[in-house]
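First the structure, in the form of structure tokens, and then the observations on it.
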Amino acid sequence: FVLMNPFIVVWQGNDMLLAQSVVLTLCISSFLNNNRSITGAFINATGLFARDFWRPLLEAVINLVASVLLVNLLGIIGIFLGTIISNVCTIFWREPYLLLHNVLKQNMFRYWWKYLLCVIRTVAIGFGVYLLCGLMPISWGWFFVRVGLCLIVPNLAWFLTSFWLSEFRY
């Protein structure tokens with residue numbers, strides 16, 4: 001989110017920029033996809049995908065319908081919102097449910113509470129980096145400074161906010 005538009009400006013100029021709302025929507029979609037990769041791997045490894053055979057079809061139908069409806073209203077951002085909507089309506093809750101209910105035998109509330117805390121931390125850290133990098137001019141030299149900050153600050157912030165957690169120590 002912090003680096004995409006500055007990179008486009010220094011590489012191609014202002015004419016090729018995406019709206020910040022489109023960049024944010026792409027980042028939210030990427031965040032959801034990355035977070036589901038872990039539960040998806042466990043679903044596949046444990047064979048639970050057999051219980052979820054209808055979900056990909058339903059996800060595709062929701063994605064297609066939502067994307068077509070929203071692209072007419074919102075433009076390109078509507079396509080990405082359609083993907084987010086189909087993800088949230090199907091995968092986002094279904095895969096954790098299958099995994100926690102059938103394999104790990106754990107409470108869904110605890111999972112969603114930790115997920116919410118993770119999202120809050122991610123947004124807060126991302127917003128801080130966004131504000132920090134927003135103070136810099138846009139040029140190749142400053143772009144690489146931004147890259148450095150985007151590598152160091154979030155990792156340091158995650159370390160400082162996570163080192164006391166049992167999952168981190170494990």
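Structure notes:
- Residue check: residue 34 meets all listed conditions (1) under 22 Å from residue 167 (Cα atoms); (2) surrounded by 12 or more Cβ atoms within 10 Å (Cβ to Cβ); (3) out of contact with any Lys or Arg (no Cβ under 9 Å at 6 or more places or on another chain) but one, namely (2).
- Residue tally, condition loosely packed, with under 12 Cβ neighbours inside 10 Å and part of a helix (DSSP H, G or I), over region 1-19: 5
- Considering only residues in region 135-156 that are under 19 Å from residue 12 (Cα atoms) and under 21 Å from the mean Cα position of the chain (by Cα), the one that is surrounded by the most Cβ atoms within 10 Å (Cβ to Cβ) turns out to be 146.
- Search result, residues across region 124-148 that are under 11 Å from residue 1 (Cα atoms) and hydroxyl-bearing (Ser, Thr, Tyr): 130
Values in this text are rule-based calculations from the coordinates and carry no lab data. None of the values given here were measured: they were computed from a predicted structure. Please note: Cβ atoms are built from the backbone with ideal geometry, for glycine as well, and neighbour counts cover all protein chains shown.
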